[in-house]
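Right, one structure below, let's go through it.
Read the figures in this text as sums done on the coordinates, not as results from a lab. It should be emphasised that the depicted structure is a prediction, and the values quoted were computed from it without experimental measurement. Don't worry about glycine lacking a Cβ; one is built from the backbone with ideal geometry, like all the others, and counts go over all protein chains shown.
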Amino acid sequence: MRFLSKILILLVPFASLACGTSITAPANDRIVCFVHGAGGDIGYGGLKSGLTDGGITDLRAFHWGSAIFPLNFQTTEIHDAAEKDLAAHITEWIHQKPNCQIDLVCHSAGGGVVLGAVGRLDPSLHVHNVVLLAPSVSPGYNLVPALSRVTGHIHLFYSSEDIVFLKWRTGTFGTYDNVKTPAAGHLGFKPEPPLPPDLAAKLVQHPYDPAWRDLGDDGSHIGTIGHDFNHAVVAPLLNAK
């Protein structure tokens, strides 16, 4: 039953397709944008409350994709539209408050949306940090465009215990970027050719730590979306100067 409940959390289609919805307080000097996975913005209440309890006062959710959720896994047209839309929102936020720090947190296929959107930004525009939780992109995904537009770091949280979704499913049907391989959220990123040193320094890879079980992260595909993990691990990364 526990396994079935995890599947249902990830696969229930979502009804709302609005973009850039504000979750908490009015904008201040930092905006944190959360981007959900292919199944929609369902089951992420713990993640959001963990971030707000961790000091994030302007948390926004970006909604993307089709209500026919299986199309969101690998449909290039849906991905392109989502990436362009998120890039437009980021651009608008920067123009509204040029000194505002923008961070992005994302889960599963949302990692592809975020990496694609950040990589599409005008070269003069930048975000601060990106936190990828169990992203479904391939290990060889081209990170250069996104890393070039990040002033802080891209943090990847991956787990070799994420077997059903990011090993079997992506290996059988394909990743967000349509490569049949275990995803970066299972193996970590393996850039080929190697990243230039200045960009490599911005990529921080966090393999699963069994100590995180005490924070509710069991290493599965939804292990990183709970309150305690985001309060104790993700929020401090975003708060670090």
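For the reader, a short list of remarks on this structure follows.
- Over the chain, DSSP H runs of length four or greater, each weighted -39,500 (n - 2.57), average out per residue to a 222 nm ellipticity of -8000 deg cm²/dmol.
- Local net charge near Gly226, Cβ-Cβ under 10 Å (Lys/Arg +1, Asp/Glu -1): -3
- Of all aspartates and glutamates in the structure, those lying under 19 Å Cα to Cα from Lys167, and not within fewer than 8 positions of it along the same chain, are Asp177, Asp209, Asp217, Asp218.
- Mean Kyte hydropathy of -1.0 or more with a Cα span along the axis of at least 27 Å, helices from DSSP in the chain: 76-96
- Cβ-based exposure ranking for Tyr158, Tyr176, Tyr44, in which fewest neighbours within 10 Å come first: Tyr44, Tyr158, Tyr176
- Extreme residue, positive dipole direction of the chain, given options Phe229, Phe73, Val32 (C-beta unit charges): Phe73
- Label separation (Leu71 vs Arg213): 4.2 nm, computed from points 7 Å beyond Cα along the C-beta direction.
- Values [x] 39; [y] 52; [z] 46 are given for comparison; percent of Cα pairs over 24 Å apart, derived from the coordinates here, is the one labelled [x].
- Dipole magnitude of the chain about its Cα centre (Cβ charges: Lys, Arg +1; Asp, Glu -1), debye to nearest 20: 140 debye
- Qualifying aspartates and glutamates (Cα of each under 15 Å from Cα of Lys97; at least 8 residues distant if same chain): Asp29, Asp58
- Long-range amide H partners of Ile31 with built H, under 5 Å: Gln101, Ile102, Asp103
- Sorting 196-202, 115-121 by average packing, meaning the other beta carbons within 10 Å per residue, from highest down gives 115-121, 196-202.
- Unsatisfied cross-links (Cα-Cα over 32 Å) in the set Lys84/Lys241; Lys180/Lys241; Lys84/Lys202: Lys180/Lys241
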